[in-house]
Every structure is written in structure tokens, then in C-alpha cells.
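A quick write-up on the structure given underneath.
The values are calculated or read from the model by the stated rules, or taken from the named source; none is laboratory data. All figures in this text were calculated on a predicted structure; none of them were measured in a lab. Cβ: placed from backbone, ideal geometry, glycine included. Neighbour counts: every protein chain shown. These accessible areas exclude ligands, DNA and RNA; they are computed on the full protein's heavy atoms, side chains included. Shrake-Rupley method; radii C 1.70, N 1.55, O 1.52, S 1.80 Å.
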Amino acid sequence: MGFLEILKAILLGVVEGVTEWLPISSTGHMILVDGFIKLNMSDAFIEMFLYVIQLGAILAVVYIYWHKLVPFAIKDKKIMIRKNTMILWSKIVVACIPGIIAYFLLDKLFNTYFMNSVTVSVMLIFYGILFIVIENYNKKRTPEVIKLSQLTYKKALQIGAFQALSIVPGTSRSGVTILGGMILGTSRTVAAEFTFFMAVPVMFGISFLKLIKFGLAFSLWEGVILLVGMITAFITSIVAIKFLMSYIKKHDFKVFGWYRIVLGIIVLLYFFITGN
């Protein structure tokens, strides 16, 4: 039984690590995975687990982009502050404001009334179509922002407003934020990287709140399961992020759009057949 639970934690960590960064909706995949496997734990622990393993995914971003995200450097045995990095972080903070407001005002509402197969499927399909439409539209124009340093505070806030839309289940936080960046004239690379960076404070904050809500009084076994999930999410996230950044240098996002459409149909059929 113990070995089986560890395998389940590994599988959930893989799903989290891949779907958190690829614009294909972690919610849609978690719904399908949860239909076939479920941790033999309390509902409260499972809810906390699914959020807190995101910390592993966050650490992957910090690990890969350490040189861009850490604002301190040692030069001549003195700690120096990187001005450009501090400016980047200030833009990240500005971009996170809409999402924070949306989370505190609407998270409970949307989880209560919109966490269902119809909403998730519609959002998967809708944004899948939007990816295809936007990519076709972008063929006719050149990105205005091709470097993170060219991203203005106004554009950062506007991208953050798109991120707030991910409050709707099935939207995909990374997907809608990348789309928003592209609509606003950023290159695929800038849109993806800024999406990753915005995720660090947002996902850390949500995971921390879920952990506090659950409490730290979990058993040693629960701690092992959580750690396994986080480590798996960390390793898988590194692979997923590097794959995505390499892929979009030569390809567009349309393949993810088609994938979302197919997944949306599968989710809808799954719930229709099972009656859940």
C-alpha cells in the first residue's frame, strides 16, 4: 500500500510539473488523473498536496533562471545589487496585483460554482481556439517587445490582468498569461519567461496559504508523500520548461491549441460517460 501511494505521488508530481508550465491546463489534467488514481489520504491532505507540490515547480523556475531572478551578486568580496533585476522584480510585483485581487475576491466563488466538467471543457476548447487564432494573426506582425528589459510597467500590469482570468477552472495560468503577452505585442520567449517569473510569488503565496490552512501537524508518512510529490514536480518542471523554451524558438503555440481542444472534448466525454 505504501509503495503504491508513493507511485501515485510521483505520477501527480509529473502531471503538475508538465502541465503547470505548458499552456495546456493543469486543472483539466488533474481532473482526468484524479478519476483514475487517488491518494489514500484525507480529503484535506489531498487538497493541500495538490497545491503545495507546486513549490517544487516554483523552485525549478528559480533554479533555471537564477541568474535573472536573484538581485544580488558578489563582486570584490562585496554584495552588489543588480539594478536591472530589481526593476524586473518590481514589474513582476505590479503584474501580480490583478491576480491577487481576483484570488481573494473570486477564488471561493469560482471553485464552488464553476469547478465542473462543462466549465473546464469550455475553457480548454476556447483558449485552444484562441491560441490558433492569435498565432495566425501574429504572422502578419512583428513583436514590439523582444527583451524583458523592454517590457513596460503598463504592459506588465496588462499581462497580470490576463493572469487574473486563470481564476476560471480549465483556463491555464501559463496559457492565458502567454496569450496575453502575445496579444500585447511581446515575443513568445518574453511572454513565456515573464509568465514563469510571475508564477513564483503567485504560486508560492497560494501554496503557503494552503499549507497554513491545513496546518503543519501532518504525520511523517504524509510528509514523505508530500516531499516525493514536490521533488518529482521539481525535476519534471525543469524538463518541461527547458523543452518549452527550446520548442518556441522554432515553432508556434498552435500545437498546444489543438491539444487543448482535444483534451477539452475528452474531459467532457469522460464526465458524460461516468456521470460524475
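Summary of values
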| item | result |
| --- | --- |
| Ellipsoid equivalent to the stretch 60-158 - semi-axes via the Cα gyration tensor, in Å | 34, 22, 13 |
| Reference-scaled alpha-carbon Rg (2.2 N^0.38 Å with N residues) for the stretch 110-202 | 1.11 |
| Accessible surface of the stretch 1-274, 1.4 Å probe, proportion on carbon and sulfur as whole % | 72 percent |
| Nearest-10 value in Å² for the accessible area of L39, using the 1.4 Å probe | 10 Å² |
| Span-like helix ranges in the chain, DSSP H, alpha carbon extent 20 angstrom or more, Kyte mean at least -1.0 | 2-19, 83-113, 117-138, 188-214, 220-247, 254-274 |
| Among V52, M41, V94 - extreme Cα towards positive end, dipole of the chain, charges at beta-carbon | V94 |
| Enclosed volume per residue, in Å³, of the convex hull spanned by Cα atoms of the stretch 184-275 | 167 Å³ |
| Listed residue (V202, V224, Y63) projecting farthest to the positive dipole end of the chain, Cβ model | Y63 |
| Accessible area (Å², per residue) of the chain, counting only protein heavy atoms and a probe of 1.4 Å | 51 Å² |
| Calculated diffusion of the chain, Stokes-Einstein form, Kirkwood radius summed over Cα pairs, 25 °C and 0.890 mPa s, µm²/s | 127 µm²/s |
| Efficiency of FRET between M80 and L216 - r from beta-carbon atoms, R0 41 angstrom, step 0.05 | 0.65 |
| Solvent-accessible surface (1.4 angstrom probe) belonging to H251, in square angstrom, nearest 10 | 90 Å² |
| Over 24 Å between alpha carbons, listed pairs K78/K147; K68/K242; K68/K140; K140/K250 | K78/K147; K68/K140 |
| Listed residues L148, L4 arranged by accessible area, highest first, probe 1.4 Å | L4, L148 |
| Length gained when the stretch W66-S149 is fully extended (0.36 nm per residue, less Cα-Cα span) | 28.2 nm |
